[in-house]
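Please read the structure below before turning to the comments.
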Amino acid sequence: MRILVTAHNYPRFAGDPAGAYVRRLALGFQARGHATRVLAPHTAGTAPIETDGNLTVHRFRYAPAPFEVVGYRGDPRLRAVLLAPAGLALPGYLVAFRCAIRRAVREFRPDLIHAHWWIPAGWLARTAGPPVVVTSHGSDVRLLERSGWLRRQARRLADSGVVWTAVSRFLAADLERQLGLPPGSVLLTAMPVDVAFFEAGLAVPKAVPPRVLYAGNLVPSKGVDVLIAAMAHLRDRKVPALLRILGQGPEREVLQNQVRALSLGDRVTLHDFVPQAMMPAEYGAAAITVLPTRGVAEGLGLTLVEALLAGSAVVGTPAGGIPEVVEDGVTGLLAPDGDPDALADRLCRLLQDESLRQRLSAAGRERVRRMYSVESAVDRFARIFDDLLHRHTNG
């Protein structure tokens, strides 16, 4: 079949984690013999047409270079996006994106469009002609909580005949609830992880003293402040451990102030994101990787999937789709969100019991190897695509 893959987020350079799973899927489709083209926004440092093996990536222009600042954002705070400089370029971006999809349909003549994130890609692709599969990843679902207009647009999209999928059972159920869809309307499609790439971390020696790792955005919903507070509890319990935080975001200064206020400068360090090529070693050196998300703001928690593949034990919270990766006491440990003392208890338990860490991480690694390989993801989407095209052909 001929597949047009479109998204607002796609790797911009070698090792870029932005939309890396979209690239893995597209390459997987191409490797199976499906003619595949990717359409994404242009941004600084990218070319209008790129080749990635046998895969062609088209990046559409929508403004003079200094103003191409809309794509490659996953901020669910709609107001923050609209009031930022990106908001000024947004109308032109949407018009150009819609025109680029229609141009790609005319030139490439795809059998179907696979749109990642319902907005903008799915919303703009719905009237382009070919049948559409939409995959939601999390930030686009959170937007629905903030705008009645967006909920109405999403419901129109759902009613237009698209096949809607989500990367976790939690997100699928949340979409059905918010849009008033029957249970089972949104299909589960786990995103692929480069298994061999992250398993290289298994050969990395563990850091001494034991290292606790957080890698992700520095925003309130991620609960990094809770993790820092838990490190103070570990210090008070005289449990040796260092916390390494890799990330960027608006909470960075707040978190740095918290580290100073708790006198944790010798135990907690904050660093910018490192290149994706370095992440297997980061996970491999960590005794524990933690994702302390609050509430329901986590679509799945791919960080924990990557960490398990690299040989790190994991601790999460019951937020969003995290329990689909971390089965408490089987593939990792869960702590109540927002509770530093409870989180410290889980960390202490793992730090003081190496055999437990090894048992949980081994079980977790085996599970995620089955669930999140490129092969299994491509198989799942191929069945969905075949069914959609069969129904479309037979009207």
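Observations on the structure shown:
- Neighbours by Cβ (under 9 Å, 6+ apart or cross-chain): first from region 370-395, closer than 15 Å to residue 131 by Cβ; second assigned to a helix (DSSP H, G or I) and open to solvent by less than 40 Å² (accessible area, probe 1.4 Å): 381/25; 381/28; 381/29; 382/29; 385/29
- Hey, residue 195 closer than 24 Å to residue 383 by Cα and modelled with pLDDT under 95 or not: yes
- Of all residues in region 364-389, those that are open to solvent by 40 Å² or more (accessible area, probe 1.4 Å) and within 14 Å of residue 331 (Cα to Cα) total 6.
- Between 347, 360, 308, 343, the distinction of being in a helix (DSSP H, G or I), open to solvent by less than 10 Å² (accessible area, probe 1.4 Å), without any contact (Cβ under 8 Å) to a residue 60 or more places away in the chain and on the phi < 0 side of the Ramachandran plot belongs to 360 only.
- Candidate set from region 126-150 (those that are among the small types (Gly, Ala, Ser) and under 21 Å from the mean Cα position of the chain (by Cα)); member that is modelled with the highest pLDDT: 136
- Flag if residue 168 is at pLDDT below 95, hydroxyl-bearing (Ser, Thr, Tyr) and under 20 Å from the mean Cα position of the chain (by Cα): yes
- Matching residues in region 286-305 - criterion: being under 26 Å from residue 203 (Cβ atoms) and either open to solvent by 10 Å² or more (accessible area, probe 1.4 Å) or at pLDDT 90 or above (or both): 286, 287, 288, 289, 290, 291, 302, 303, 304, 305
- Residues that are open to solvent by less than 10 Å² (accessible area, probe 1.4 Å) and small (Gly, Ala, Ser) within region 269-284 comprise just one, 284.
- Among residues of region 81-107 that are within 11 Å of residue 120 (Cβ to Cβ) and at pLDDT 85 or above, none has a beta-carbon under 9 Å from a residue that is in a helix (DSSP H, G or I) and among the basic types (Lys, Arg) at least six positions away or on a different chain.
- Residue in region 174-202 that is nearest to residue 151 (Cα to Cα), counting only those that are without any contact (Cβ under 8 Å) to a residue 12 or more places away in the chain and surrounded by fewer than 18 Cβ atoms within 10 Å (Cβ to Cβ): 177
- Meets criteria (modelled with pLDDT of 95 or more, surrounded by fewer than 17 Cβ atoms within 10 Å (Cβ to Cβ), more than 26 Å from residue 308 (Cβ to Cβ) and more than 17 Å from the chain's Cα centre (by Cα)) for residue 260: yes
- Members of region 227-245 that are in contact with a helix residue (DSSP H, G or I) (Cβ under 6 Å, 6 or more places away or on another chain) and open to solvent by less than 10 Å² (accessible area, probe 1.4 Å): 228, 230, 234, 239, 241, 243
- Unmet requirement for residue 144, which otherwise passes all of (1) farther than 20 Å from residue 374 by Cα; (2) open to solvent by 10 Å² or more (accessible area, probe 1.4 Å): (2)
The values are calculated or read from the model by the stated rules, or taken from the named source; none is laboratory data. Computed from a prediction, not measured in an experiment: that's the story for all the values here. When we count neighbours, we look across all protein chains shown, and the Cβ atoms used for this are built from the backbone with ideal geometry, even at glycine. Just the protein is used for accessible areas: all its heavy atoms, side chains included, with ligands, DNA and RNA removed. Shrake-Rupley method; radii C 1.70, N 1.55, O 1.52, S 1.80 Å.
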